[in-house]
Each structure stands twice: as C-alpha cells, then as structure tokens.
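The values are calculated or read from the model by the stated rules, or taken from the named source; none is laboratory data. Keep in mind the model is a prediction, meaning the values are calculated, not measured. For neighbour counting, all protein chains shown are included, and Cβ atoms are generated from backbone atoms with ideal geometry for every residue, glycine included.
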Amino acid sequence: MTSLKAAAAAILAMTASYLWQPATAVRAAELTAEQIEEGQRFVVNNAIFILFHEAGHMLVSEFNLPVLGREEDAVDALSSVLLLGAEDEELNTTIQDAADGWFLLDEAKEDGPQEDDFMGTHGLDRQRAFAIVCMMTGANAEFFKVFADSLDFPQERRDECAFEYEKARDSWMSLLAANKKEGAKTKFTVTYEPAGNEDLQGFADLLKSASALETIATVFGTGYDLKDGIKITGKTCGTENAFWYAEDREITYCYEMAAFHAALITNWFENQAEEEAGADDEMATDDTATDDAAADETAADDAAAYETGEEQSEPTAVKLKKKE
Ligand SMILES: [Zn+2]
C-alpha cells in the first residue's frame, strides 16, 4: 500500500473526531502499528463485503432476478457464497471481518434493536452476523471451527448450516448461470471521488490503495452478461451507507461507512486494552470491584446503522470475539 502511513494517520484522526471525549483521542493515538494494520484490514474487508452485497442488488436488478424472501437477506447470502466459494485464505479473512463488523455494530447499540429495526428491510445486525457465520461453517466447518467455537455456535446449528450454505450457493448459481456468458467482459467505471475533507480523504486513499472498488469491477466484470457502463463510486454522502441505484446503474460506497468501521474497531481495541488492564489490576490488588473501565467505555461515535437510516445512538463497549 502506497499511502499506508497517511491512511493510518487518517484512521486515527477520523476516529478521534468521532469520539466524544478529548481524552479518547489520546488513547486512539496509542494504537500499535499492528492494530492500525489490523484496523485497516478490517475497514477494507467490511467495505468489500458491503460492496459484494450491493453488487448482489445490482445483479437482481440488472437481470431482473426473482427473489423469494427478503432481498437483503438474499444478497447477504450471495456476498457470503461468492467470498467463500473463492476458497481463498484472504477472502476467508474478509468474511470473518464482515461477521465481526455486524457483531460490533450490534454491540455498539446500547439500547439494543429498536422498533424501527424490527420493521426495517434488513435482518437485525446480530442476525446478519450469525447468518454469515452460518454460511462460513456451512462452507468449511473445519477452517472456521475456531471462529465458530469462539462464538459458542452450536454443533446442531452447524449441521443445518451445511445444508443452508449448499442451498444458498446452488440457488444463486442456478439463477446466475442463465445470465452468464462465456468470455464476457463488462466495463465498469470506477471512481474515487475526492472526499472533500481531510479525514474522510484518508479512507478514500485507503480503499483506493486496497483497490476495493476495482475488486467488484473485476469479479462482476468477467463472465456476466451485463451491459457496460455500470458505475462504482466511492464518495462522501453525508451518511454511513452504501447503495445500488438501479436507474443510474451505480453502486455507491460512502466513505463515512469506512470511518464508521474504523471507529468500531478502534473502540474494540481500546476496550480490549481496558479489559486486559482490568485483569492485571485484579491480579495485583485482588479487589477491583470499582469498575472505572465502565466509565471509559462510553468512547463512542454517532453510530447510525448501515442501511437503516436510524437515529444516532451512543454505542457502549464492544466486545469482539477473538479471532483464532
Ligand atoms: Zn442492501
């Protein structure tokens, strides 16, 4: 990555500006180089999952595909099936980060899901997370065993997921088969619009250096009977979201979404550090009933949820399951 340092600095700056207390900005700056790298990967991987999701909407709309059940669930499944079907170690990490992204989003909502969420077009964040986990274990129970174990994902459910994954994969593949064309190439127009502000520009640069939008153009630009000219655009939208605009034939990924995921993962790193510090205290003094970690755990941002357009809420501590 060319601008690794700039992107890292931007993540920190952005995260800091997202947090309430000035003290947190200082702590954000204390992330290790390893955490920054992991954070960047997390942001990019979540962007890729979301872009695959939007590309799913694109296929449904461009090919006029029938959708039985909720389209949002269906395109989440497609995103999972395509990422898992590649049987690529890097993409397996991508999907793991995507599941974590939804878990973090869920845990960041202090008051839990609201009436709006139940009425919305999407599954609840935590359901979306577990639906991805289901696809993961369904596709490769052995590879994702550690991850599923860390979530106490029951064996009985894993058995069902093997069938659910197969069903989702075969259903999508048979639908898409009719819309595939040997050797077809589709030209997409990929644009990273200037973010218009320094903080978000860091995320634009990060996504660009990781070729996040180009990944979609490559995957869906080969073998599908799509007409040229579909746009894939990164831009500042004023909301943390991503869209498929059927009329404009355009996938839009909002830089705010990347900033939001950066804030989520940074918050998690901080909480983890506090937990570890808390554990050390306990060992040293043996009576750490006072929990000043809880006071610090308000480190948060305006966590509007992806594609729900819901009111801002103040997330609480996020506890991500440890990977491996
Ligand atoms: Zn959607």
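The residue pairs whose first member lies in the stretch 114-125 and is hydroxyl-bearing (S, T, Y), whose second member is at pLDDT 85 or above, and whose beta carbons are closer than 6 Å, counting only pairs six or more residues apart or on different chains, are T121/E72. Pairs meeting the criteria (first residue in the stretch 85-97 and closer than 17 Å to V43 by Cα, second residue surrounded by fewer than 14 Cβ atoms within 10 Å (Cβ to Cβ) and at pLDDT 85 or above, beta carbons under 9 Å, at least 6 apart or on different chains) are T94/D88. Which members of the stretch 243-253 meet the condition of being buried (at least 23 other Cβ atoms within 10 Å of the Cβ) and farther than 13 Å from V43 by Cβ? Of everything in the stretch 243-253, just one residue is buried (at least 23 other Cβ atoms within 10 Å of the Cβ) and farther than 13 Å from V43 by Cβ, namely I251. Of the residues making up the stretch 46-66, just one is away from the ligand (no atom under 14 Å from the Cβ), assigned to a helix (DSSP H, G or I) and surrounded by fewer than 24 Cβ atoms within 10 Å (Cβ to Cβ), namely E62. Screening E247 against (1) closer than 25 Å to E37 by Cα; (2) over 17 Å from the mean Cα position of the chain (by Cα); (3) modelled with pLDDT of 95 or more; (4) not aromatic (F, W, Y) leaves a single unmet condition, (1).
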